[in-house]
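To start, the structure under review is shown below, and the notes come after it.
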Amino acid sequence: MQRLVDKVAIVTGGAQGIGGATARRLAEEGARVLIADVDEATANQNVGRIRVAGGTAEFFRADVGRHEDIRAMVEQATSRWGRLDFLINNAYAPLSGEVSGGAIEVSEDAWDKGIATLVKSMFLAAKYAVPHMERASGGSIVNISSVHGMLMAPNSLVYEAGKSAVIGVTKQMATQFGPANIRVNAICPGHIVTERIQARMWDQNPEGLKFFEQQYPLRRTGKPVDIANSVVFLCSEEASFVTGHALVVDGGLSIQLQENLGVHLAHYVQEHPELKLPY
């Protein structure tokens, strides 16, 4: 039985990866899905997949770093289908090496652009989406954060700060919009092997992926559908009493005692001297 029949969803960054899988799963559950992305060709391919499977989806070109694109994205969904029930804030396109480094290395411009995409976009999307959800007597917003929103890594100031802020924004919005029956939650994925990550990191280094899997108690990394299934749950009535929560979907990565994990990984490297580390 489909759980989201006749509901309307926007998925930013819905062409592929986590967003692509999320768009497909929402459509499988009966939602009408607007895929907002800058990659027109790949997004339309995903729209095609959804339609072939019997779902309803459309593409709208939107750069979530641009205020007007976000407003237009919401207007497109509501004018096309007359309502808006779900907003999935997923899109993030790193600015190549510009956002790498700490406070000394990152330029002010790179900081502003990175935080605009990671955080400001969610504020603006809510600004325009929430009034339509109020008219629909409720809704669900899901913000994609990361384990990097809870655990910090060096040389990633913009990403760590942005994903941490997503959790804070989520909690504030949950308190703000709860009285209108609008739930706001975040998801914190671990390492998800998307199409891009597979091509960039693992196609040429399958042994490196096996090493990565050793970091996880489940001895595997994540798939986009793992996060998509969590999004569907948070949008469904099964999660009607869940709001302000940062749902960790990381295969157990973040629950481990680090000194034990470090020793385990050192043993693995010793046992696999041919291993090529991913970075």
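The values are calculated or read from the model by the stated rules, or taken from the named source; none is laboratory data. Bear in mind that the values here come from a model prediction, so they are computed numbers and not experimental data. A quick note on method: Cβ atoms are made from the backbone with ideal geometry, for glycine too, and the neighbour counts reach across all protein chains shown.
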Quiz item: Quick one: what pairs do we get from the range 50-75, first residue under 19 Å from Gly139 (Cβ atoms), second basic (Lys, Arg) and outside any helix (DSSP H, G or I), C-beta under 6 Å, 6+ apart or different chains?
Solution: Thr56/Arg32
Exercise. Only residues in the range 1-20 that are under 21 Å from Arg66 (Cβ atoms) count as the first member; pair them with residues that are among the hydroxyl-bearing types (Ser, Thr, Tyr) and assigned to a loop (DSSP other than H, G, I, E, B), Cβ under 6 angstrom, at least 6 apart or cross-chain, and list the lot.
Key: Gly17/Thr194
Quiz item: On the given criteria, is Arg80 over 20 Å from the mean Cα position of the chain (by Cα) and either closer than 21 Å to Arg183 by Cα or aromatic (Phe, Trp, Tyr) (or both)?
Solution: no
Exercise. Only residues that are closer than 12 Å to Tyr128 by Cβ and more than 19 Å from the chain's Cα centre (by Cα): list them for the range 27-68, please.
Key: His67, Glu68
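Residue by residue through the range 241-279, note down the ones that are in a loop (DSSP other than H, G, I, E, B), in contact (Cβ under 8 Å) with a residue 60 or more places away in the chain and out of contact with any Cys (no Cβ under 8 Å at 6 or more places or on another chain).
Residues of the range 241-279 that are in a loop (DSSP other than H, G, I, E, B), as a first pass: 241-245, 250-252, 256-257, 272-279.
So of that shortlist, the ones also in contact (Cβ under 8 Å) with a residue 60 or more places away in the chain come out as 243-245, 250-251, 272, 274-278.
Selection gives Thr243, Gly244, His245, Gly251, His272, Glu274, Leu275, Lys276, Leu277, Pro278.
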Quiz item: If you check Ala126 against the conditions, is it under 18 Å from Gly14 (Cα atoms), in a helix (DSSP H, G or I) and among the small types (Gly, Ala, Ser)?
Solution: yes
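Restricting to the range 55-78, count the residues that are assigned to a strand (DSSP E or B), within 16 Å of Ala31 (Cβ to Cβ) and in contact with an Asp or Glu (Cβ under 9 Å, 6 or more places away or on another chain). Reasoning before the result, please.
To start, the set of residues in the range 55-78 that are assigned to a strand (DSSP E or B) comprises 56-61.
Right, trim to within 16 Å of Ala31 (Cβ to Cβ) and you get 56-60.
If we keep only those that are in contact with an Asp or Glu (Cβ under 9 Å, 6 or more places away or on another chain) as well, we get 59-60.
Within the range 55-78, residues that are assigned to a strand (DSSP E or B), within 16 Å of Ala31 (Cβ to Cβ) and in contact with an Asp or Glu (Cβ under 9 Å, 6 or more places away or on another chain) number 2.
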Self-check item: Flag for Val99 being buried (at least 16 other Cβ atoms within 10 Å of the Cβ) and modelled with pLDDT of 95 or more
Solution: no
